[in-house]
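What follows is a set of notes on a single structure, which appears directly below.
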Amino acid sequence: MVDIRNTVSLFWLPDIQIIHIIGQFLDAFLFIYLIQNFFEPKKKSYRSKKQLVAVGSLFAAVLFLTDLIMNNNFYSYVLVMVLFPFLYACIFFHGKLMIKALICLIFFTMMFSLENLAVYTSHYLADNFLISMDLWKLLFLFRRIILKGVLFFVMRILMIDVMRMNARIMNGYWYFMAGVCVTDYMILEYIKQTPENDRQALTQGMILSVFCIIVPMICYYMISLSIKIGEINKVTAVQETWIKAQEDYLSQMEDMQKTLRQFRHDYKSHLFCMDALVVDQNYEELHHYLEKLHQFPVEQMEIIPYTKNNSINLVLNQKQKMAQKEGVRFQIEAQMDVASNKSGKVQIYDFNALLSNLCDNAIEAASKVKNGEIHLRLMRKKAYLKIEIENSTDGNILQQNPEFETSKKNTQLHGLGIKIIKNIVKSYDGMYETEGTNHSLKTSILLMDE
């Protein structure tokens, strides 16, 4: 049997020490992982896996030495647990000092609450402070390893992805959560002053420990959910605006085509009229006649008919000319009836929006490479429309920039292309896949058209 009021000596048992060392490494790993994924690094290498392992191992070693030197003193461990990640964040990452301090405080409080939950559970299961060695070891394993694994997955699923994108928006949230955590910690300290075998106090302690973990998660989830909804609305609004602008452009291009066809049909009549004015030496009227003809868009405008749909042809020709201006070779292979199914589900403006955004991204990437190339394939496979586009890249994009974040300065106006693409694909129950090498990026899209 073990007296739970004095378990410090048990930490030197070989099997307990192994569990404790693994727990220290998990403590260090979780904290460094949080810092790396929350704050923007001063250099890209500061967010690498090697940096995570190296700094995490150093942090774990410092925690081990602290326990060794201070004989497992709780307050010394707390000081190192908060101070080391804070200094690491200050040295290697951008951000306000106060926010860094708050993040370290909140996360430590959550970890501390997990520890308290296990400790209170062991007190709750003990009989007059005595508990079997096997049960205590199981609870210690649960406390030092299993709960930390649960915290990692909860943090990864609910926190990390949105934290990086909305750090500035959520500044007020961190002040609020720090206040909640500090208040909860003070209440826990007050409860510890009651007798350790008081069932009511133990129950209150367990409830408060769970509260300190659950409340930040619930608050964070609600805030992140509102942010995601706002992001979806933003993408939808931009998508609708973009499609409207694209439709206006295609309408203007089609009107220009009609005007050119009319001009070409009537140009012989115009020549006869001008010749008659020259013969009559009516140069003033000839001048007015020529001024009217200048209003016609007589510049060369040859549209390559890749498909039977004129609007798709206009988009493809426009993007091909854009690529040529950037020195990029743009090859297009398209089935003539790729979008000619009149009973098809896919709207032509959505299809053109996909094409346009895919081509814009490909041109931007290929233009950064000498002798850049783009290969676009459009085809119909039974009930599906398939788009494949492969372009040259400067390195492996999926490794360097897996989120496809824009490199342009105005991130509010740029960088929404991928989101628009995914939004359209999702609306048609489609599939979106990317494959990357050190020299190319291939994107494949399937859209259900029936």
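The values are calculated or read from the model by the stated rules, or taken from the named source; none is laboratory data. The structure presented is a predicted model; accordingly, all values stated were derived computationally and were not measured. Reconstructed Cβ throughout: ideal geometry from the backbone, glycine too, with neighbour counts over all protein chains shown. Note: areas computed on protein heavy atoms with side chains; ligands, DNA, RNA excluded. Shrake-Rupley method; radii C 1.70, N 1.55, O 1.52, S 1.80 Å.
Take the residues in the stretch 355-388 that are among the hydroxyl-bearing types (Ser, Thr, Tyr) and more than 14 Å from Arg329 (Cα to Cα); name whichever of them is least open to solvent (accessible area, probe 1.4 Å).
Ser356
For the stretch 338-366, how many residues are of a type in the set (Ser, Thr, Tyr) and at pLDDT 90 or above?
0
If Ile145 satisfies every condition in (1) of a type in the set (Val, Ile, Thr); (2) touching a Gly at 6+ places or on another chain (Cβ under 7 Å); (3) crowded, with 20+ Cβ neighbours inside 10 Å but one, which is the exception?
(3)
Taking the stretch 389-428, which residues are assigned to a helix (DSSP H, G or I), exposed (fewer than 14 other Cβ atoms within 10 Å of the Cβ) and modelled with pLDDT under 80?
Those that are assigned to a helix (DSSP H, G or I), exposed (fewer than 14 other Cβ atoms within 10 Å of the Cβ) and modelled with pLDDT under 80: Gln399, Gln400.
Out of all the residues in the stretch 327-347, is one or more out of contact with any Pro (no Cβ under 8 Å at 6 or more places or on another chain), assigned to a helix (DSSP H, G or I), surrounded by 17 or more Cβ atoms within 10 Å (Cβ to Cβ) and polar (S, T, N, Q)?
The answer is no, given that none of the residues of the stretch 327-347 is out of contact with any Pro (no Cβ under 8 Å at 6 or more places or on another chain), assigned to a helix (DSSP H, G or I), surrounded by 17 or more Cβ atoms within 10 Å (Cβ to Cβ) and polar (S, T, N, Q).
I need every pair where a residue in the stretch 302-315 that is within 12 Å of Ile332 (Cα to Cα) has its Cβ under 6 Å from the Cβ of a residue that is open to solvent by 40 Å² or more (accessible area, probe 1.4 Å), sequence separation at least 6 or different chains.
Note: pairs meeting the criteria are Thr307/Met336; Asn313/Ile303; Asn313/Pro305.
So, Asp184, is that one modelled with pLDDT under 65 and of a type in the set (Asp, Glu) or not?
Here the answer is no, as Asp184 does not meet what is asked.
Given the conditions (1) more than 21 Å from Phe39 (Cα to Cα); (2) modelled with pLDDT of 75 or more; (3) loosely packed, with under 13 Cβ neighbours inside 10 Å, report the number of the one that Arg199 does not fulfil.
Failing condition for Arg199: (2).
Spot the failing condition for Lys100; the list is (1) out of contact with any strand residue (DSSP E or B) (no Cβ under 8 Å at 6 or more places or on another chain); (2) in a helix (DSSP H, G or I), and only one is missed.
Failed condition: (1).
Can you tell me which residues in the stretch 80-95 are surrounded by 13 or more Cβ atoms within 10 Å (Cβ to Cβ), free of Cβ contacts under 8 Å to residues at least 24 places away in the same chain and more than 17 Å from Leu52 (Cα to Cα)?
Hit for the stretch 80-95 is Val80, nothing else.
Hey, any hits in the stretch 167-175 for a residue that's open to solvent by less than 70 Å² (accessible area, probe 1.4 Å), under 22 Å from Leu30 (Cα atoms), part of a helix (DSSP H, G or I) and modelled with pLDDT of 70 or more?
There is at least one residue in the stretch 167-175 that is open to solvent by less than 70 Å² (accessible area, probe 1.4 Å), under 22 Å from Leu30 (Cα atoms), part of a helix (DSSP H, G or I) and modelled with pLDDT of 70 or more.
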